[in-house]
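See below for the structure under consideration.
The values are calculated or read from the model by the stated rules, or taken from the named source; none is laboratory data. Values in this document were obtained by computation on a predicted structure and should not be read as measured data. Cβ atoms come from the backbone with ideal geometry, glycine included; neighbour counts cover every protein chain shown. Just so you know, the surface numbers come from the protein's heavy atoms only, side chains and all, with ligands and any DNA or RNA stripped out. Shrake-Rupley method; radii C 1.70, N 1.55, O 1.52, S 1.80 Å.
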Amino acid sequence: MADNMQTPESCSHDCSSCGSSCPSREGGAHGGHEKLNEHSSVKKVIAVVSGKGGVGKSMVTALSAVTANRNGCKVGVMDADITGPSIPKMFGIHEKAYGSEIGIIPGKSASEIKVMSLNLLTENESDPVVWRGPVIAGAVTQFWTDVAWGDLDVMFIDMPPGTGDVPLTVFQSLPIDGIIVVTSPQELVSMIVEKAVKMAKMMNVPILGLVENMSYFECPDNGKKYEIFGKSHVDEIASENGLKVLAKLPINPDLATLSDQGRIEFADTTALDESIMQMLHDIEK
C-alpha cells in the first residue's frame, strides 16, 4: 500500500524550506485537507490521542465507537497506530480488507462498525511494520483517501502515542473536529498530557476533553474505590488548561477479557455514554 507514497523518507517536516507537495505539508497536498474517497461521507472526525503509550488509548477509542454505535450513529474506526494496531482484534475482525473499483473496502464488526487497519492488509496479523515515519504517515492519509467508508456519522481515529509524524499528518491533512486526550492517574503523565494539549493548540485542533483511564478500582465485595496508580490529577490538569473532563474510567478486568476475545462490543460503556453523546451533540451545534 505504501509503494506510491509521495513523502520522501528524508522529510524533516520543515515545510518552509521545502517545495515538495506531500501529505505532510501544512494544509495537505492540495493546499487544504486531503480529499475523502468519493464513495464516502463522514460527518464528524474525532482523533483519540495520548502523550505516551500504555494508558488505554485504543480501549477508549473502541468504547467511544461502541457507545456512538449503540446510540444510533453509523461509526467507523481508523486505526492510525500503524506499528501497534490493536483495533481489529478488539472488534473480532480477522477478514482482510480488499480492493474494489470504488476503493479499499474496510472490515466490519458484528454491529456494523467499519474498521480500517494495516492489520487487515498484511498477510499475517503478527507481521511487524518496519517503515520510516513519513511512509507510516502516508499510509494513514491513504486510509482517508483510498478507503470506501460509505456514509458515517462519526469516525474515531486511534492515534499512535506521542507527537510525531502521524499526529502531525492527521492534524494537517484530515478535517479533525476535535481530539480526546487519554491519560492515567500517575503524576508523571501531567507533563506528557500538556505536550499533547500544546501540540493540538499549535495545530488549531479543538480539544474536546480528557478521559482518565485506570482511574481507580472498585472492589466488588465492598464497593470501595482504590486508587491503584495513585491519586488522580486529571481535574488539576483540566483546570490548568481550561479543558473538560469527559470521564474517569475504572480498572475493569472484564474489558481486557472482552478485548482478547474480540468482543469489545459487549462491554459496559455506562461511564462514557453521556459524555460521548453530549460531545457529539456539541460538535454538531
Spin-label model distance (nm) - HIS33 vs ASP151, 7 Å beyond Cα toward Cβ:
1.9
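Give the value in nm², to one decimal: projected area of the alpha carbon convex hull of the range 44-198, averaged over all directions.
Working: hull surface 36.5 nm².
So the Cα hull casts an average projection of 9.1 nm².
Go through 67-76, 113-122 and give me the packing order, highest mean Cβ count within 10 Å leading. Please report the intermediate quantities before stating the final value.
Details: 67-76: 19.8, 113-122: 23.5.
Result, highest mean Cβ count within 10 Å first: 113-122, 67-76.
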Along the Cα-to-C-beta direction of VAL130, a point sits 7 Å from the Cα; which residues of the range 71-102 have their amide N less than 20 Å from that point?
82-85
May I ask you to give the percent of accessible area on the range 62-153 that is carbon plus sulfur, with a probe radius of 1.4 Å?
48
Per residue value of the accessible surface for the chain (all protein chains in place, 1.4 Å probe), Å²:
46
Phi to ³J(HN,Hα) by Karplus 6.51 cos²θ - 1.76 cosθ + 1.60 over the range 54-67, Hz, x for Gly, Pro:
x, 9, x, 4, 5, 5, 5, 4, 5, 5, 5, 5, 5, 4
For the chain, with +1 on Lys and Arg beta carbons and -1 on Asp and Glu, the positive-most of SER239, SER215, MET59 along the dipole:
SER239
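Cα-Cα over 27 Å: which of LYS74/LYS224; LYS74/LYS96; LYS108/LYS201; LYS44/LYS195; LYS52/LYS225; LYS195/LYS225? Walk me through the intermediate numbers first.
Numbers: LYS74/LYS224 37 Å; LYS74/LYS96 21 Å; LYS108/LYS201 34 Å; LYS44/LYS195 25 Å; LYS52/LYS225 25 Å; LYS195/LYS225 30 Å.
Distance filter (> 27 Å) returns LYS74/LYS224; LYS108/LYS201; LYS195/LYS225.
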Nonlocal amide H pairs with ILE207, under 5 Å, H built at 1.01 Å
ILE179
So how much slack lies between ILE251 and TYR98, counting 0.36 nm per residue of separation and subtracting their Cα-Cα distance, in nm?
51.4 nm
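How long are the semi-axes of the equivalent ellipsoid of the chain, taking √(5λ) for every eigenvalue λ of the Cα gyration tensor, in whole Å from largest down?
On the way: eigenvalues 175, 101, 61 Å².
Ellipsoid half-lengths, sorted descending, are 30, 23, 17 Å.
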Residue of THR61, THR141, THR83 that the Gaussian network model of the chain assigns the largest fluctuation, springs spanning Cα pairs under 10 Å
THR83
Karplus ³J(HN,Hα) for the range 236-246 (6.51 cos²θ - 1.76 cosθ + 1.60, θ = phi - 60°; Hz, whole; x = Gly/Pro) runs 5, 4, 4, 5, 5, 9, x, 10, 9, 8, 7
As I understand it, the value is the acute angle between the Cα axis of helix 133-145 and the longest principal axis of the Cα atoms of the chain; what does it come to in degrees, rounded to 10?
90
Under a Gaussian network model of the chain whose springs join Cα atoms within less than 10 Å, the largest fluctuation of GLU236, GLU101, GLU112 belongs to GLU101
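Net charge around PRO85, counting only other residues with Cβ within less than 13 Å of its Cβ (Lys, Arg = +1; Asp, Glu = -1)? Write out the running numbers ahead of the final one.
Working: positive: LYS57, LYS89; negative: ASP79, ASP81, GLU125, ASP127, ASP158.
For residues surrounding PRO85, the net value is -3.
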Label-point separation in nm, ARG263 to MET202, each point 7 Å along Cα→Cβ:
4.4
With label points set 7 Å from each Cα along the Cα-to-Cβ direction at ASP235 and GLU274, the distance between them in nm comes to 1.6
Can you give me the long-range amide H partners of VAL115? Hydrogens built in the peptide plane at 1.01 Å from N, cutoff under 5 Å, separation of 5 or more residues or another chain.
VAL77, GLY107, LYS108, SER109
Fluctuation leader among MET202, MET214, MET59 - the chain, Gaussian network, Cα springs under 10 angstrom:
MET202
Could you give the angle, 0 to 90 degrees to the nearest 10, between helix 188-202's Cα long axis and the longest principal axis of the Cα atoms of the chain?
40
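With a cut-off of 8 Å between alpha carbons and a minimum separation of six or more residues, what is the relative contact order of the chain in percent? Provide the component values of the computation, followed by the final result.
On the way: 569 pairs, mean separation 72.0, N = 285.
Here the relative contact order equals 25 percent.
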